[in-house]
Structure formats: C-alpha cells, structure tokens
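First comes the structure, then the notes that go with it.
Every number here is computed from the coordinates shown, using simple stated rules; none is lab data. Keep in mind the model is a prediction, meaning the values are calculated, not measured. Note that each Cβ is placed from the backbone with ideal geometry, even for glycine, and that neighbours are counted across all protein chains shown.
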C-alpha cells in the first residue's frame, strides 16, 4: 500500500510553487534540444524554463495534464519507456518518498543523466522540509549514489537544497 498523499499533491499541482526558482536553476543544466522526463512534474513549471527541448514528458502521482505519466514512486511498479531520455529530473521529489534510492535507480534507467535536488539535513531550512519522509545527510547521499554506481557532481544549490547531476560511468 502506498503512503503517497495524493490529495496534497493534486492541490500543489494547481499553484505556481514557491520552489519554482529551483526549476529555473535546474533548467540551466539541461542542454538545448534534449529529451526530458520531469519526475514529480506537478504543474510542469520546469517545462516553461527549458530553453527548448525535443521531448518533454511529465510524470506525477496525479494526472495534472493529459500527457502526464501517472506513477506512484512509493509503489513497486516502475513504468517502462520505449526510449531512454537524455535527462530524468527530480526537483523536490526525493525527500517525499519512502525509498529515494529506488527512485534514483529507476530515474537512472530512464535517463542518461539524472538531475535532482535534495534538502540535506545539514543545509535545509527546517520549515521547508516539514513534509519530508526521508532526511539524508551529505554522506548518506554520497553513499546512496555509490551503491547505485552513479558518478555525481554538485551542480548548484537553492535555498539550502543541493542540485546534483548524476550519471552511470
């Protein structure tokens, strides 16, 4: 049984979120004319910030648009995509999952590169992580990426969150 709060995420998808600045920064890391899987897309503000992309697929636990791939990342049933994306993006998603490692593993199979944010225990404003399910330290996050055999680079920060690029060697 999923612990996902579907009603909360349906309501969040109706507003321009206060964390939209994070998507502005993430969009700058994505090459022009790329394919993007936006995991936890909400109202798809990332799409508006991309310079251009060849293909954009929103994924969320609630159907925010007809083209949304509806997936509960707290379940054990990952979707299968015909083609691999250039980027899988998880902006403000991992903290709200029961198993962020599983979601990062799936994201790394869906995209050649994963760009994600995370509110680390050491740096996040406690008021911004009230609804977090998982709380990782920087060392926890590095170990998690190591278990998945992903190389990573701290690309940016936003409001106490790290923005990381990760890829398989």
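Put in line by how crowded their Cβ is, counting other Cβ atoms within 10 Å and starting with the fewest, 94, 141 read 141, 94.
Pairwise inverse Cα distances across the chain, averaged and inverted, put the Kirkwood hydrodynamic radius at 15.9 Å.
If the chain linking residue 157 and residue 123 were pulled fully straight, counting 0.36 nm for each residue of separation and taking away their Cα-Cα distance, it would gain 11.3 nm.
Taking 0.36 nm per residue of sequence separation and subtracting the Cα-Cα distance, how much length would be gained by fully extending the chain between residue 49 and residue 167, in nm to one decimal?
Full-extension gain reported as 40.2 nm.
Bridge orientation summary for the chain: considering DSSP beta bridges with both residues in this region, about 45 percent are antiparallel. Counting neighbouring beta carbons within 10 Å and listing from fewest to most, the residues 99, 53, 61 come out as 99, 53, 61. Neighbour counts of C-beta atoms inside 10 Å place 32, 134 in the sequence 32, 134, starting with the fewest.
Every Cα-Cα pair of the range 43-132 was included, and the share exceeding 22 Å stands at 29 percent. Here each label is just a point 7 Å from Cα along the line to Cβ, and for residue 80 and residue 20 those points are 3.8 nm apart.
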